[in-house]
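Student: I have a structure here, written as structure tokens, and I will follow up with some questions on it.
The values are calculated or read from the model by the stated rules, or taken from the named source; none is laboratory data. Quick caveat, the model's predicted, so the values are computed rather than measured. Positions of Cβ are backbone-derived with ideal geometry, glycine not excepted, and every protein chain shown enters the neighbour counts. These area figures cover heavy atoms from the full protein model, side chains too; ligands, DNA and RNA do not enter into them. Shrake-Rupley method; radii C 1.70, N 1.55, O 1.52, S 1.80 Å.
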Amino acid sequence: MRKIEDLYSNMQKIKGIIAIVGAAGMFTLMSITAGATDTEASLEAISAGNQTTAVDAMAVSGNQTTAVDATSVSGEQNNVEAASQTHKKVAFEYRQNSTVKGTDRVVETNLDGHYYASGVEGIAMTDQEWSLQKDAGMAIVEYFFVTTWDITQDTAPKAVNTFRIVAESEQAELGPVVQINIHKTFNGVMTSLDGNPAKVTTVIGIPEDFREDGARYAVVSVKSGGFFDILPDLDEDDLTVTFKANAGNGAYAIIRY
């Protein structure tokens, strides 16, 4: 695990703390004090006073997130029932992108959720839920719920720029960036799994315009505090990347070598 600040060893010391914040894991970067250089400013915060949209339907304001008029988030909990109603309302706009087509396989997700990230060729969680429940220390009546959406230059330019800096430090090219939030639900209430040690095997379809013969791929994972990991591709399929996602909220980007 490395820190994004370390990529600036030859620059003026960054006088802030990079943090991923937001009650629902909306990817925002906070910090960088006044007087930062132009290069450092690429990591400036999306301030709490600004609103950032994702999937054209989620807005962040302070510590609350409203998703398509229906899902309200407060602290680490939100109402799954409301989320379900939201999904019904917007079904005509947002398709579930939870199937990944590989070279000679089709992968369907095993975990329920709202798979709204459309900038990739599907996202699927392949572990069996009962096995993940055991790994996460969950009761048999507690279930997983996954939410995904795109992080783009239009919706969160400074977040995307941060991933680009990491990719360049790896001498790699940045591909699509997505938010993947993995929560647990019980009796209609969704609770964060941030800090839970469970890892979820995740398959993402590489977009056609980011595929390249002979290329190697990996996934950048950015965590709270400005830490990041480079996760290796665990499969040999040219159309997909497979990696271990962290339970809880996370932002991930595909990079190409």
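Student: For residues that are touching a strand residue (DSSP E or B) at 6+ places or on another chain (Cβ under 8 Å), free of Cβ contacts under 8 Å to residues at least 60 places away in the same chain and closer than 26 Å to Gly102 by Cβ, tally how many sit in segment 128-151.
Tutor: Qualifying residue count for the region: 4.
Student: Now for a separate question. Please specify each residue of segment 209-223 satisfying the condition of being open to solvent by 30 Å² or more (accessible area, probe 1.4 Å) and in contact (Cβ under 8 Å) with a residue 60 or more places away in the chain.
Tutor: Passing the criteria: only Lys223.
Student: On to the next question. Only one of (1) in a helix (DSSP H, G or I); (2) open to solvent by 10 Å² or more (accessible area, probe 1.4 Å); (3) modelled with pLDDT of 95 or more fails for Ala167. Which number is that?
Tutor: Only one criterion is unmet by Ala167, namely (2).
Residues checked against (1) surrounded by fewer than 17 Cβ atoms within 10 Å (Cβ to Cβ); (2) without any contact (Cβ under 8 Å) to a residue 24 or more places away in the chain; (3) out of contact with any strand residue (DSSP E or B) (no Cβ under 9 Å at 6 or more places or on another chain); (4) assigned to a strand (DSSP E or B):
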{"position": "Asp194", "(1), (2), (3), (4)": "no, no, no, no"}
{"position": "Val200", "(1), (2), (3), (4)": "no, no, no, yes"}
{"position": "Gly225", "(1), (2), (3), (4)": "yes, no, no, no"}
{"position": "Leu231", "(1), (2), (3), (4)": "no, yes, no, yes"}
{"position": "Ala245", "(1), (2), (3), (4)": "no, no, no, yes"}
{"position": "Ala251", "(1), (2), (3), (4)": "no, no, no, yes"}
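Student: Checking the conditions here, which among Thr155, Thr162 is at pLDDT below 95, under 21 Å from Ala117 (Cα atoms), open to solvent by less than 50 Å² (accessible area, probe 1.4 Å) and touching a helix residue (DSSP H, G or I) at 6+ places or on another chain (Cβ under 7 Å)?
Tutor: Thr162
Student: Show the residue pairs that are 6+ apart or on different chains and have beta-carbon atoms under 9 Å apart, the first residue being within segment 114-127 and on the phi > 0 side of the Ramachandran plot, the second being surrounded by 20 or more Cβ atoms within 10 Å (Cβ to Cβ) and outside any strand (DSSP E or B).
Tutor: Pairs that qualify, where the first residue is on the phi > 0 side of the Ramachandran plot and the partner is surrounded by 20 or more Cβ atoms within 10 Å (Cβ to Cβ) and outside any strand (DSSP E or B), are Gly122/Asn97; Gly122/Ser98; Gly122/Thr109.
Student: Can I ask one more? Return the total of residues in segment 92-113 being among the small types (Gly, Ala, Ser) and in contact (Cβ under 8 Å) with a residue 40 or more places away in the chain.
Tutor: Total satisfying the criteria: 1.
Student: Quick test of your reading of the structure: Asp127 fulfils all but one of (1) at pLDDT below 95; (2) surrounded by fewer than 22 Cβ atoms within 10 Å (Cβ to Cβ). Name the failing condition by number.
Tutor: Of the numbered conditions (1) at pLDDT below 95; (2) surrounded by fewer than 22 Cβ atoms within 10 Å (Cβ to Cβ), the odd one out for Asp127 is (1).
Student: Another one. Taking into account only those residues within segment 130-152 that are assigned to a loop (DSSP other than H, G, I, E, B) and touching a Lys or Arg at 6+ places or on another chain (Cβ under 8 Å), which is surrounded by the fewest Cβ atoms within 10 Å (Cβ to Cβ)?
Tutor: So the residue we want is Glu142.
Student: Does Ala159 satisfy the criteria of being part of a loop (DSSP other than H, G, I, E, B) and among the hydrophobic types (A, V, I, L, M, F, W, C)?
Tutor: Answer is no for this residue.
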